[in-house]
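Everything below concerns the one structure shown next.
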Amino acid sequence: MNKQQILNECIVIFDKYLQVSLKESMNLTLKTLFSKAEVASSNQEEQELFNQYRQLKHGAKDFSTQLRQKIKAMPEFISAEVNKSDSKMSLSLVEDEELSISLALTQLDSTLEVMSHAELYTLEKRMNVLFGNEKIDKTNMPFSPASIVWLFSHAFKSNDFDVQVKTLMVEYIIKEFGNQINEAYHEINAIFIAAGILPNIQPEVVKPKKSDVAVDATDQDSQHAKTEETDQSHSEGEAGNQQNTSVPNNRGSRSPAQAANTGSGAPHNQSPHSSTAVEDNTGYQQRQFD
């Protein structure tokens, strides 16, 4: 399946959804204008509203035809523009658009983009594959919300609708097409999948930095040093406890030999098992500290 065939199939789907939404938005606009005319505060306001109603009623079919013609020519125009290396197509609004309609079209762009973010992202990647990675993005790719803004801004320029009629139409397009845009993009993406064109999305492999490895090694060494200090302190504490239990509890500083001599000169009435008791007591305290 070649590029033009894929685009033609995508155009059919895109045009189908957009035309249905456009028809519904024009019907809702006609109802709104007629309702406002019925409750108009003056004859002049009523006359203006009925004139706007008749404008849209008689020009609806022509506007729909103009929009369809621009949809069919849109991919070729974009394809020719993105092949220019020195410039990039801009879908900004035409300069002579009124402020209110410009704001309405800007709202159309931002709202549809938020509603269709997931499907629009994969479609953008597939468009880059189709066009050979020629700087296609959401601002210039076919069928994007920015392309819809481009279509309506140029279609509005070629007819005589009042500003209020245009703004009402855009407001209803946001509502009607916004409910269908994800389904439309899903069907367009299905055409690319059937043609074997998948999104050119390459996952990034995050490699650990050298500084991070060094920090980890330093943390391990520090932890190991802390463990050794803790073990050494524990061993010294046990040794100190053994010395404290083997030395008699007096204020004088005496050596173990002096303590032994003192023990040998003990009175005869002292129990011969007193040394054994001290050793047992010492062993008990050692087991208690362990």
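The values are calculated or read from the model by the stated rules, or taken from the named source; none is laboratory data. This structure is a prediction, so every number in the text was calculated from the model and none was measured. Cβ: placed from backbone, ideal geometry, glycine included. Neighbour counts: every protein chain shown. Quick note on the areas: whole protein, heavy atoms, side chains included, nothing else; ligands and nucleic acids left out. Shrake-Rupley method; radii C 1.70, N 1.55, O 1.52, S 1.80 Å.
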## Note on the structure
Across (1) open to solvent by 40 Å² or more (accessible area, probe 1.4 Å); (2) at pLDDT 85 or above, Gly132 clears everything bar (2)
## Note on the structure
Among residues of the range 45-84 being over 14 Å from Phe152 (Cβ atoms) and touching an Asp or Glu at 6+ places or on another chain (Cβ under 6 Å), the residue modelled with the highest pLDDT is Gln52
### Task
List every residue pair whose Cβ atoms lie under 7 Å apart, where the two residues are 6 or more positions apart in sequence or sit on different chains, the first residue falls within the range 96-119 and is over 11 Å from Ser144 (Cα atoms), and the second residue, located anywhere, is polar (S, T, N, Q).
Glu97/Ser153; Ser100/Thr167; Ile101/Thr167; Ala104/Thr167; Leu105/Ser153; Met115/Asn182
### Query
Which condition breaks for Val39 when tested against (1) surrounded by 12 or more Cβ atoms within 10 Å (Cβ to Cβ); (2) out of contact with any Phe, Trp or Tyr (no Cβ under 7 Å at 6 or more places or on another chain); (3) modelled with pLDDT of 90 or more?
(1)
### Summary
Going through the range 137-174 in order, the residues found to be open to solvent by 10 Å² or more (accessible area, probe 1.4 Å) and not in a helix (DSSP H, G or I) are Asp137, Lys138, Thr139, Ser158, Asn159, Asp160, Phe161, Asp162
### Summary
Output for Cβ contacts, cut-off 8 Å, separation at least six or different chains, first residue in contact (Cβ under 8 Å) with a residue 60 or more places away in the chain in the range 45-61, second open to solvent by 70 Å² or more (accessible area, probe 1.4 Å) and outside any helix (DSSP H, G or I), reads Gln55/Asp160; Gly59/Asp160
### Query
Of (1) among the polar types (S, T, N, Q); (2) surrounded by fewer than 11 Cβ atoms within 10 Å (Cβ to Cβ); (3) modelled with pLDDT of 90 or more; (4) closer than 30 Å to Gly132 by Cβ, Ser87 satisfies all except one. Which?
(3)
